[in-house]
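Computed from the coordinates by the stated procedures, all read-outs in this text should not be read as laboratory data. All of these numbers come straight from a predicted model, not from anything done at the bench. Here Cβ is always computed from backbone atoms with ideal geometry, including for glycine, and neighbour counts include all displayed protein chains.
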There are 2 protein chains.
Amino acid sequence: MASEKPQVMVTCTAPVNIAVIKYWGKRDEALILPINSSLSVTLHQDQLKTTTTAAISKDFTEDRIWLNGREEDVRQPRLQPLLLCLSARKGTAGDGDALPLSLSYKVHVASVNNFPTAAGLASSAAGYACLAYTLAQVYGVEGDLSEVARRGSGSACRSLYGGFVEWQMGKQADGTDSIAQQVAPEWHWPQLRVLVLVVSAEKKLTGSTVGMQTSVETSALLKFRAEAVVPARMTEMTRYIKERDFHGFAQLTMKDSNQFHATCLDTFPPISYLNDTSRRIIQLVHRFNAHHGQTKVAYTFDAGPNAVIFTLDDTVAEFVAAVRHSFPPTANGDKFLKGLQVIPSLLSDELKAALAMEPTPGGVQYIIATQVGPGPQVLDDPHVHLLGPDGLPQRVA
Amino acid sequence: MASEKPQVMVTCTAPVNIAVIKYWGKRDEALILPINSSLSVTLHQDQLKTTTTAAISKDFTEDRIWLNGREEDVRQPRLQPLLLCLSARKGTAGDGDALPLSLSYKVHVASVNNFPTAAGLASSAAGYACLAYTLAQVYGVEGDLSEVARRGSGSACRSLYGGFVEWQMGKQADGTDSIAQQVAPEWHWPQLRVLVLVVSAEKKLTGSTVGMQTSVETSALLKFRAEAVVPARMTEMTRYIKERDFHGFAQLTMKDSNQFHATCLDTFPPISYLNDTSRRIIQLVHRFNAHHGQTKVAYTFDAGPNAVIFTLDDTVAEFVAAVRHSFPPTANGDKFLKGLQVIPSLLSDELKAALAMEPTPGGVQYIIATQVGPGPQVLDDPHVHLLGPDGLPQRVA
């Protein structure tokens, strides 16, 4: 490689995570420290992932970043704290001189998602986790990256691990104990399946950063939730996961999603992320479970109308059929289901009657079937780099 | 009058009330004692009222009741406690013997609303208040009727008074101190106007009796709200009303509506009374206020998607125009506005731009314009009786 070429180039992937105990609200806006702990499930990168290539070179004259093929302003607020934090970490590691590369080298970054950003799938968590992980690789920074990822987006720290991950809120003012750690690895609960129901919706009205800030300022219920409800729920949820207790896991997941959206509604002015289709999905899940006389399916909603469904492998086919029945595809019915293969299943007349739903054609655009997956990965194959030898984007995945 | 005719016949009317500090949840299901105090505005009977005729006669062989022209089962759960309660009241008054009529006489009751029950306008509150008030007249029972009305429907006790009414939750186990009383009379705040926005909706999914019971059993946020939030809000709201502070009144009304719906969402399974049109109305109000740089309009929602809007007389015309702009009538545009006359007004281009709403044709079916009004009334004109001399319904208003 000629000296004009990038000296180090690394490409990594990172997963999306879905919180089952929700994070909503910061106690420190600058350090991104949360008002309560949270717990998430890492989704498999075979279906949903961010891929990031970072290259550093003494010949680069400025930091540059391309997101989904389009160059963005590198001074965007969340990138600099992340780089600074990494820089500080490097400094304390004390091995800066041992490496040929310095943090003074400028960096080029290219990042792509393999899913539409518009799908509202917490792309920022995967994105910042991937950025933190890739930059740490390229600069040779070791150790826990929670703080680095967190500086980009709070929930990004949970995407640093596979399986089931908690983000402990911590107590320190400097945030050093506000870190992510694995509760159980990705192979812990092999029957667990995840369905992302992408809902047709108008543009999101309130971004989560501004939304949670307003909630912290105005919602008495959010403060109560963070202080008096979440701590016990963290303990409970951890136990359900460790014991693979689907009933407990599912019920608490739904309750916590509902409570998070309740605190959004208690915000002033109120925030509504759920729409009529979201509410129909909630109803569908409860009726499906009632019909079976047991909790076979759970929903959770983040800051948008899309539902994430948890169920077990023996229930996926029937529930997908129930969704297709309640939200008949308006076009491209063959593309309604993406991701993991699901054997087509017919609904029993009893279940159809129990659902008692007026079909809403097109309410759900499509379903992504996936499962629990591992944390960030370094890709060894040089063909996957998103930057060419010249340090510029060479392709869009 | 022949001896075969009813011996006493009385016709009364009673108003609808709209809570600005919401009642949701009972601490005693049998006595209908609430978990928190509440405060409401009594709407004017020129627009919304229940009319009830009660007749008693020694010749009647059974209690009978007709609601909106249709005979109902007199053993329906809420009617008997009301009669029993009235009976007990009569007993303690000690003047039973002084009257020619006895509670042992059977009663015939006919009741009609001048608004569609399906409009979801708390018809049960007006209905039971009217029933309690009319029966008290016909049996000659005096004194506070809070308990009698409450036995029918909790919030009915607030319809016993005009103007601004609080229902004190009370502390006694027997409910004797859980009573309604007037905070300010109907003439206290003459500029105040009320718009009922009737929203197109599917049938209500969760009745309020069952809904609030489930909320009390499952929502930690409701318990916190009742204990830690509402007491201060009652004091605050009373002050805003006494001082005719529209900004304070409006802001707290909106916050309390939102918090009530938040506790519904925190219920398990969750309860959603607001639909996408309700949420658009909320947005419209906040944008309207933001455009004016002051709180000129407030919304509140009960257990359904209809909005009740509070505003002042100088703002009614512009806000009605804003609603018409955002929810263009699909048919009968001339019947879009009922009730008080509102001078048609044009929206400024600035306001239209500030609302930035994609119009939703037909989202609001119609508007009822009304104002604060008096409590129940006895009608003197014998022509208004809903029962004929034979004690059977003679007409439907």
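For A:ASP28, the amide hydrogen comes within under 5 Å of the amide hydrogens of A:LEU33, counting only partners 5 or more places away or on other chains and with H modelled in the peptide plane. When +1 charges are put on Lys and Arg Cβ atoms and -1 charges on Asp and Glu Cβ atoms, the dipole computed for region A:192-371 relative to its Cα centre reaches about 180 debye. Its Cα gyration tensor gives region B:192-371 an equivalent ellipsoid. The semi-axes, each the square root of 5 times an eigenvalue, are 29, 21, 14 Å from largest down. For a straight C-alpha distance cut-off of 12 angstrom, the aspartates and glutamates reachable from B:LYS106 (same-chain residues fewer than eight places away being disregarded) are B:ASP59, B:GLU62, B:ASP63.
In chain B, one over the average inverse separation of all distinct C-alpha pairs is 21.8 Å, which is the Kirkwood hydrodynamic radius.
Relative contact order of chain A: 24 percent, from C-alpha pairs under 8 Å at least 6 residues apart in sequence. Leaving out same-chain residues fewer than 8 places away, which aspartates and glutamates sit with a Cα under 19 Å from that of A:LYS49? Straight-distance partners of A:LYS49: A:GLU186, A:ASP302, A:ASP380, A:ASP381. Cα-based radius of gyration for the protein assembly as shown, normalised by 2.2 N^0.38 Å, reads 1.12. Sorted from nearest, the other copies put their B:HIS325 label points 4.6 nm away, the label point being 7 Å from Cα in the direction of Cβ.
Alpha-carbon geometry of region B:101-195: the Rg and the Dmax are 14.9, 47 Å, given in that order.
Other residues lying with their Cβ under 13 Å from the Cβ of A:PHE249 contribute a combined charge of +3, Lys and Arg counting +1, Asp and Glu -1.
Positive end of the dipole of the protein assembly as shown (Cβ unit charges, origin at the Cα centre): among B:SER178, A:GLY152, B:THR315, the Cα lying farthest that way belongs to B:THR315. Positive contributions from Lys and Arg (+1) and negative ones from Asp and Glu (-1), summed over other residues with Cβ under 10 Å from the Cβ of A:THR11, come out at -2.
Taking each label point as 7 Å beyond Cα in the direction of the beta carbon, state the distances from B:LYS352 to the same residue in the other copies, shortest first, in nm. Listed shortest first, these distances are 4.8 nm. Summing +1 for each Lys or Arg and -1 for each Asp or Glu among the other residues whose beta-carbon sits under 9 angstrom from that of A:THR360 gives -1. In nanometers and ordered shortest first, the copy-to-copy spacing of the B:LYS338 label point, defined 7 Å from Cα toward Cβ, is 4.8.
Residue by residue, region A:225-237 carries 3J(HN,Hα) couplings of 4, 4, 7, 10, 9, 4, x, 5, 5, 4, 5, 4, 5 Hz when phi is fed to the Karplus relation 6.51 cos²θ - 1.76 cosθ + 1.60 (θ = phi - 60°); x denotes Gly or Pro.
Among the listed pairs A:LYS223/A:LYS255; A:LYS22/B:LYS296; A:LYS223/B:LYS223; A:LYS22/B:LYS223, those with a Cα-Cα distance over 26 Å are A:LYS22/B:LYS296. Spacing of the modelled spin labels on A:PHE60 and B:THR238, each 7 Å from Cα toward Cβ, amounts to 6.6 nm.
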